[in-house]
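The values are calculated or read from the model by the stated rules, or taken from the named source; none is laboratory data. Keep in mind that this is a model prediction, so the values were computed, not measured. Please note: Cβ atoms are built from the backbone with ideal geometry, for glycine as well, and neighbour counts cover all protein chains shown. All accessible areas refer to the heavy atoms of the entire protein, side chains included, with ligands and DNA or RNA removed. Shrake-Rupley method; radii C 1.70, N 1.55, O 1.52, S 1.80 Å.
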Amino acid sequence: MLRVSWLPGLTPYEPAWRLQERLARARGEGRLPDLFLLLQHPPVYTVGRSGRDDEILLDPDARRRLGVQVFHIDRGGKVTYHGPGQLVGYGIVDLKNLPGGLKRYVHGLEEALVATLARFGIAAHREDGNVGVWVGREKIAAIGIRVSRGITWHGFALNVAPDLAFFGGIIPCGITDRGVTSMARLLGHAPPLEQVARVAAEELARVLDRQLEWVSDPGWLSAWGGVPESPDLRKVEVRS
């Protein structure tokens, strides 16, 4: 089974980060199935283990004016941006149950996002040596993973309709010779984010060969200290 929880609204970055730690520990103890959290963040720059502060080009005063926070985090990769209009997916997956391990998992994320975009009429691709998903020479989805005791956390960020100007405040993923794009820019309109999330959930379940459990009420997360919502699971769908 793959449980995919949609978190409506904007989820602050740090609580979501700490929530992943708790969920990953619970997954390692067998108390949860493999799962993804799909959500949006307020504007934030995150610096991965191989990132550097000088890859953030926007000065602190400008960041304060724009309300952009900065976090140094424990995923792989360099500097990236998260913000409204971007679909962020955090995967808590036990790689011991996945043939091919981490490499297959990352390729699976790329494959699922390419398939998601295809269902909206966008021809995207993955590239050997350049983690993420691309349309032409522009990046539309970034991927950064941490693995601890065989359990993944962190995940992907798909640009549905974010303000792309925020990417000008960083050197995104350390890449200086390519651009960044979004579904809204390519399509000329912004598809509903929850619709994109549902399609992504279906494609993630497919590539991971799991039955999909779609949870649109995040109440079950209240027990983990992540989302202060009702504990009732009112909207659950299971798909094969």
For segment 200-219, does any single residue satisfy the condition of being at pLDDT below 85 and either in a helix (DSSP H, G or I) or open to solvent by 40 Å² or more (accessible area, probe 1.4 Å) (or both)?
yes
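For residue 32, are the conditions met, namely being more than 17 Å from residue 162 (Cα to Cα), of a type in the set (A, V, I, L, M, F, W, C), open to solvent by 10 Å² or more (accessible area, probe 1.4 Å) and out of contact with any Asp or Glu (no Cβ under 6 Å at 6 or more places or on another chain)?
Here the answer is yes, as residue 32 does meet what is asked.
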Mind checking which pairs have a first residue in segment 172-192 that is part of a helix (DSSP H, G or I) and a second that is open to solvent by 70 Å² or more (accessible area, probe 1.4 Å), Cβ under 6 Å, 6 or more apart or different chains?
none
Can you report the number of residues in segment 81-135 which are more than 18 Å from residue 191 (Cα to Cα), small (Gly, Ala, Ser) and touching a Gly at 6+ places or on another chain (Cβ under 6 Å)?
1
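Return the only residue of 78, 96 being open to solvent by 10 Å² or more (accessible area, probe 1.4 Å), within 16 Å of residue 144 (Cα to Cα) and not β-branched (Val, Ile, Thr).
Step by step, each of 78, 96 is checked, and only 78 is open to solvent by 10 Å² or more (accessible area, probe 1.4 Å), within 16 Å of residue 144 (Cα to Cα) and not β-branched (Val, Ile, Thr).
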Being open to solvent by 20 Å² or more (accessible area, probe 1.4 Å), part of a helix (DSSP H, G or I), within 26 Å of residue 150 (Cβ to Cβ) and in contact (Cβ under 8 Å) with a residue 40 or more places away in the chain is the requirement here; does residue 103 meet it?
no
Among the residues of segment 123-152, write down those that are hydrophobic (A, V, I, L, M, F, W, C) and open to solvent by less than 10 Å² (accessible area, probe 1.4 Å).
133, 134, 140, 141, 151
From the set of residues in segment 167-189 that are of a type outside the set (Gly, Ala, Ser) and over 21 Å from residue 50 (Cβ atoms), which is surrounded by the fewest Cβ atoms within 10 Å (Cβ to Cβ)?
189
Residue 90 passes all but one of the listed conditions (1) assigned to a helix (DSSP H, G or I); (2) within 21 Å of residue 214 (Cα to Cα); (3) under 15 Å from the mean Cα position of the chain (by Cα); the exception is number (1)
